[in-house]
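See below for the structure under consideration.
The values are calculated or read from the model by the stated rules, or taken from the named source; none is laboratory data. What you are looking at is a predicted structure, and each value in this text was computed from that prediction instead of being measured. Using ideal geometry, Cβ is built from the backbone for each residue, glycine included, and neighbour counts are taken over all protein chains shown.
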Amino acid sequence: MALLSCFALTIVKKERMNICEYIRGIMLTFHSPSPEDKPLFPKYSKHLAYEYYYSYVALWADAIGITICKTDTALYLHIDDDDCFLLPITDDLPKAMEELKAHCLESGQRFQLECVPTKEALELEQMGYTIQHIRNLDDYLYESEKLIKLSGRKLQSKRNHISQFEREYTYTVRTLSSKELRDACYNMAFNTWLEGRDGTTKELHDEMGALRRALDNWDELGLVGILVCVDNNITAFTIGEIIDGELAIVHFEKADTTYKGIYSVINQLFVSQYLSDVHYINRQEDAGVEGLRKAKLSYKPDVMVEKYRITKTA
């Protein structure tokens, strides 16, 4: 019996050694995403964080250098600008992480994940990884009914902003159903945020590039949007996407703040016209910008999608 046990143990050790040799030899091949890759991404709200949908990759790949790799185990996403990976999109997270670690060991790429939601971060912590909450990247989620009704004392100021706007301005609302209207929105954004500025930041240029891609690939990305005009001038527009009945994402929202209350107006109009049947509206992160954080918190988010950085335990 002891001899048989030793023989069995030798087989197990040999199998483990073969598996380790296989893992060490893994080298993932990443490529720039294209429309043909869209079926690889979730078609339903697998994650509440917005980075895990095809639209994010399509809009931001050029700006921040997103590349992807699909294996039998997972879909991997890498961001060149920050030299990091996102959470593998997979049904077998332990195997995917081993595959990714093996790739980093073989290729010399840094092993670090960003924007990992809480549930998966805690799973990874149990697996021995180090996790760190990155507050600036947390997504703000709001129930659609709240953004439409703006009920209660805490949102009284939003109702006041809308009432003031409606008293002072005669406005029209149009859907972004034509290329001409979408181009007009781009010109409005360009003239408001870029033209005549010195030292415009890379982030702003990147956002304008992502906006251009959204407008040029409207149908492919399944986007919806509206604009608000005052005296035939575009004063605001917003662009979003419905993932499913649980989740919608607001990708862009731009407004001329010389019109007081305009952001409250277009926020409510867009949700009421397009997103009323969706449970949560993801309005993305604040990136640590104080004014943006204050504005997002003022709407009293129903859920904060916390995101974590994942590294190997030292």
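Does residue 148 fit the bill of being touching a residue at least 24 places away in the same chain (Cβ under 8 Å) and in contact with a Cys (Cβ under 9 Å, 6 or more places away or on another chain)?
Working: touching a residue at least 24 places away in the same chain (Cβ under 8 Å): yes; in contact with a Cys (Cβ under 9 Å, 6 or more places away or on another chain): no.
Here the answer is no, as residue 148 does not meet what is asked.
Condition check: modelled with pLDDT of 95 or more, touching a strand residue (DSSP E or B) at 6+ places or on another chain (Cβ under 9 Å) and surrounded by fewer than 16 Cβ atoms within 10 Å (Cβ to Cβ). Does residue 246 satisfy that? Talk me through it step by step, then tell me what you get.
Values: modelled with pLDDT of 95 or more: yes; touching a strand residue (DSSP E or B) at 6+ places or on another chain (Cβ under 9 Å): yes; surrounded by fewer than 16 Cβ atoms within 10 Å (Cβ to Cβ): yes.
The answer is yes for residue 246.
Quickly run through the range 220-240 and pick out the residues that are closer than 15 Å to residue 55 by Cα and not β-branched (Val, Ile, Thr). Steps first, answer last, please.
Initially, the range 220-240 is screened for residues closer than 15 Å to residue 55 by Cα, giving 220-225, 239-240.
220, 221, 222, 223, 225, 240, listed by residue number.
Select from the range 35-58 the residues that are in contact with a Leu (Cβ under 8 Å, 6 or more places away or on another chain) and part of a helix (DSSP H, G or I) and write down the one among them that is surrounded by the fewest Cβ atoms within 10 Å (Cβ to Cβ).
Looking at the filtered set, the residue picked out is 40.
Taking the condition within 23 Å of residue 283 (Cα to Cα), part of a helix (DSSP H, G or I), free of Cβ contacts under 8 Å to residues at least 60 places away in the same chain and of a type outside the set (A, V, I, L, M, F, W, C), does residue 167 pass? Walk me through it before giving the result.
Values: within 23 Å of residue 283 (Cα to Cα): no; part of a helix (DSSP H, G or I): yes; free of Cβ contacts under 8 Å to residues at least 60 places away in the same chain: yes; of a type outside the set (A, V, I, L, M, F, W, C): yes.
Against the criterion (within 23 Å of residue 283 (Cα to Cα), part of a helix (DSSP H, G or I), free of Cβ contacts under 8 Å to residues at least 60 places away in the same chain and of a type outside the set (A, V, I, L, M, F, W, C)), residue 167 does not qualify.
Could you please find all residues in the range 224-250 being part of a strand (DSSP E or B) and of a type in the set (D, E, K, R)? Let's see the steps before the verdict.
Within the range 224-250, the subset part of a strand (DSSP E or B) is 224-230, 233-242, 247-250.
Listed by number, the list holds a single entry, 241.
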